[in-house]
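Below is one structure, written out as structure tokens; comments come after it.
No value in this document is a laboratory result; all are computed from the given coordinates. Since the structure is predicted, the reported quantities are computational estimates derived from the model, not experimental observations. Counting neighbours? That spans all protein chains shown, and the Cβs are built from the backbone with ideal geometry, glycine included.
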Amino acid sequence: MRVAGGSVFVDGAFEPASVEVEDGRIAAVGPSSGCSAPEAGDLDATDCYVVPGFIDLHFHGCVGADLCDATVESLRAIARHEAACGVTAVCPATMTYPEERLGAIMDVAAAFSPSDDEAALVGVNMEGPFISPERIGAQNPAYVQRAGAASLRRLGQACGCRSRGAGSAGLRRRGGRRGAGAGGPSGRRRVPV
């Protein structure tokens, strides 16, 4: 597949170029000088910026929805908004809550399967309750706890995730989707490739 007619970020600047995609990965980027309008079978990126899909690694929510709402509706609203902004993968963060409430959040994460107009959920950033009491910020101190292997395992199993490693409180989803997006302010739909 070829993404044609757009402005591609190459060597520090946007320039007219086409992007060849093979097996869901960027295979080549070439100048589009001498190319006519996008051809049949091309993804028409005219008037769009073409960049690989962005990954949002730390945020709690957007558009009035939060990961900690623990509802499919909130997660879908977040994923749709992020995708509309060129983000193809998200890893939203929890707040500091009791393990029972975090378990409900993980259940929703485990059940989430993005539609074509939603960013993929590639993990859950366990910012809370595993946070330093000396640097708690806006977190609720009543629920701060030391990170332990048993609690990380329980929460990770609840969301179908695995931990990033010893001492880490981040959880990654198994089999996260990768993609490149074409879109931008013109309102064109992001198309994962």
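Karplus couplings for the range 131-142 from phi (6.51 cos²θ - 1.76 cosθ + 1.60, θ = phi - 60°), rounded to Hz, Gly and Pro as x?
For the range 131-142, the Karplus curve yields 9, 5, x, 7, 10, 7, x, 8, 6, 7, x, 5 Hz.
Hey, what do the phi angles of the range 10-27 turn into as Karplus ³J(HN,Hα) couplings, whole Hz, using 6.51/-1.76/1.60 and θ = phi - 60°, x for Gly and Pro?
Each residue's phi maps through the Karplus curve to give 10, 6, x, 8, 7, 9, x, 7, 10, 10, 8, 10, 10, 6, x, 10, 5, 9 Hz.
Let me have the relative contact order for the range 60-158, percent, based on Cα pairs under 8 Å that are six or more residues apart.
Over the range 60-158, the number comes to 29 percent.
Grab the other residues whose beta carbon is less than 11 angstrom from that of H81, score K and R as +1, D and E as -1, and report the net.
Once all neighbours under 11 Å are counted, the net charge is -2.
For the range 35-94, report the translational diffusion coefficient in µm²/s to the nearest whole number, using Stokes-Einstein at 4 °C, 1.567 mPa s, and a Kirkwood Rh over Cα pairs.
The Stokes-Einstein estimate is 97 µm²/s.
Taking just the C-alpha trace of the range 1-133, give me its Rg and Dmax in Å.
18.7, 61
Within 13 Å, Cβ to Cβ, of H58, how many net charges do the neighbouring residues add up to if Lys/Arg are +1 and Asp/Glu are -1?
Summing Lys/Arg as +1 and Asp/Glu as -1 gives -3.
Any chance you could run the full-extension gain for F54 through E22? It's 0.36 nm times the residue separation minus the Cα-Cα distance, nm to one decimal.
Roughly 9.6 nm would be gained on extension.
Please list the non-local residues whose amide H lies under 5 Å from the amide H of V8, H modeled 1.01 Å from N, same-chain partners needing a gap of 5 or more.
E15, A17, V50
Give the calculated FRET efficiency between R153 and T46 to the nearest 0.05, with a Förster radius of 41 Å applied to their Cβ-Cβ distance.
0.25
Taking Cα pairs under 8 Å and at least six residues apart, what relative contact order does the range 1-95 come out at, in percent?
Taking the mean separation of contacting Cα pairs over the length of the range 1-95, I get 26 percent.
May I ask you to derive the FRET efficiency for D11 and D117 from their Cβ-Cβ distance with R0 = 35 Å, giving the value to the nearest 0.05?
The pair D11/D117 has a calculated efficiency of 0.65.
For Y143 and V63, calculate 0.36 nm times their separation in residues minus their Cα-Cα distance, and state this gained length in nm to one decimal.
Gain on stretching Y143 to V63: 26.2 nm.
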